[in-house]
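Structure first, commentary second.
The values are calculated or read from the model by the stated rules, or taken from the named source; none is laboratory data. Predicted model only: the values in this text are computed from it and were never measured. Cβ atoms come from the backbone with ideal geometry, glycine included; neighbour counts cover every protein chain shown. Remember, those area values only see protein heavy atoms, side chains included, never the ligands or the DNA or RNA. Shrake-Rupley method; radii C 1.70, N 1.55, O 1.52, S 1.80 Å.
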Amino acid sequence: PATPAGLRDHAALEVLYGCGLRASELTGLDCRNVLLDEGVLRVLGKGSKERAVPILGAATAALEAYLDRGRGALVGRRPCDAVFLNARGGRLSRQSVHAIVEKYGRVVGISGLHPHTLRHSFATHLLEGGADLRVVQELLGHANVATTQLYTHLDRSHIRRVYLSAHP
């Protein structure tokens, strides 16, 4: 919906999937770290490590719409640097992000959808599209490539299709 909260929720979902962010990274995102002209979000990940994550397409459009037409209506009396605000104008909590993802998951017929599922899908779709594992590791902010390998399992049918299409 085109309500401030609806625009926020849409932007949050698009950014979670489109950028592969953790729920904590989404809630920790400040306005000064949104560089839409450059197509980048500066994200503070685990261990307070900052990384630049590209933002493109639907995620950019949804975030621009929220920032232009939604966020201002949510800002409270005390200014808050957070991009994603709750109804009282404060920083959206991780629990709220979980509730938003679960709510819209139910709307589309997916029960028990979690923010990490969107992150996992981001990584899996990149790998299935031919992205290099090290690039995906960097985008996700993993210190060790083994972490990326563990939860970005490729669908066996996809591996078979690629094999059959590429092997003489």
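Residue selection: V83 satisfies the criterion of being touching a Cys at 6+ places or on another chain (Cβ under 7 Å) and surrounded by 21 or more Cβ atoms within 10 Å (Cβ to Cβ). Within the stretch 115-137, residues that are modelled with pLDDT of 90 or more sit with their Cβ atoms under 7 Å from residues that are loosely packed, with under 14 Cβ neighbours inside 10 Å and of a type in the set (F, W, Y), at 6+ positions apart or across chains, in these pairs: H120/Y151.
Any idea which residue in the stretch 1-54 is most open to solvent (accessible area, probe 1.4 Å), counting only those that are part of a loop (DSSP other than H, G, I, E, B) and closer than 13 Å to L140 by Cα? Filtering the stretch 1-54 for residues that are part of a loop (DSSP other than H, G, I, E, B) and closer than 13 Å to L140 by Cα, the one most open to solvent (accessible area, probe 1.4 Å) comes out as K49. If you check A99 against the conditions, is it assigned to a helix (DSSP H, G or I), out of contact with any helix residue (DSSP H, G or I) (no Cβ under 9 Å at 6 or more places or on another chain) and modelled with pLDDT of 95 or more? Considered against the rule, which asks whether it is assigned to a helix (DSSP H, G or I), out of contact with any helix residue (DSSP H, G or I) (no Cβ under 9 Å at 6 or more places or on another chain) and modelled with pLDDT of 95 or more, A99 comes out as yes.
Inspection of the stretch 44-60 identifies no residue that is touching a residue at least 24 places away in the same chain (Cβ under 8 Å) and under 14 Å from I100 (Cβ atoms). Scanning the stretch 55-73 for residues that are in contact with a Lys or Arg (Cβ under 8 Å, 6 or more places away or on another chain) and open to solvent by 20 Å² or more (accessible area, probe 1.4 Å) yields a single hit, R71.
Note on the stretch 138-158: among residues that are assigned to a helix (DSSP H, G or I) and surrounded by fewer than 12 Cβ atoms within 10 Å (Cβ to Cβ), the one that is modelled with the lowest pLDDT is R156.
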